[in-house]
């Protein structure tokens, strides 16, 4: 148990160091270059606005992203329930937060969008019942560096428009059935 806790902290520390290194290379005027915030309170929709979820196509097929085309993930541990990702987990995998009902963009089924309340009083966006997250290691729109990660004891996957995990690593990606996780 102690080794797993240390491993999770090491991953979170490395992710924060990566973010700091990437942030130091950013220039002013790059409004189109999305960034992922390191705290739950600033991740997702800007203050007072609702988050928007849309789809983007890439090597994994078509998958969910936010309005700035930042990739969104589900965590197998959540299994269509409330988020279990807090503290160091939420620093490495920030939740997609919203202020108000999330909106559906291109390719997204609005009836699958929802929310869940987090312990800290914020509201996290869900899709097909799964809480949605960013990955701190994704630095540009469409990056999928978190795909298949086993961070914090379970797999992280990008999400297809049906709300299922895309479990492939690129090219001919496959999706899990929506009835459960078998990985």
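Quick check on region 94-104. Is at least one of its residues buried (at least 18 other Cβ atoms within 10 Å of the Cβ), over 14 Å from residue 52 (Cβ atoms) and in contact with a helix residue (DSSP H, G or I) (Cβ under 9 Å, 6 or more places away or on another chain)? There is at least one residue in region 94-104 that is buried (at least 18 other Cβ atoms within 10 Å of the Cβ), over 14 Å from residue 52 (Cβ atoms) and in contact with a helix residue (DSSP H, G or I) (Cβ under 9 Å, 6 or more places away or on another chain).
If you go through region 41-52, how many residues are in contact with a strand residue (DSSP E or B) (Cβ under 6 Å, 6 or more places away or on another chain) and modelled with pLDDT under 95? Summing the residues that are in contact with a strand residue (DSSP E or B) (Cβ under 6 Å, 6 or more places away or on another chain) and modelled with pLDDT under 95 in region 41-52 gives 2. Scanning region 53-84 for residues that are out of contact with any strand residue (DSSP E or B) (no Cβ under 6 Å at 6 or more places or on another chain) and in a loop (DSSP other than H, G, I, E, B) yields 59, 68, 70, 79, 81, 84.
The values are calculated or read from the model by the stated rules, or taken from the named source; none is laboratory data. In this text, all values refer to a predicted model and were calculated from it rather than measured experimentally. No Cβ is skipped: glycine too gets one built from the backbone with ideal geometry, and neighbour counts run over all protein chains shown.
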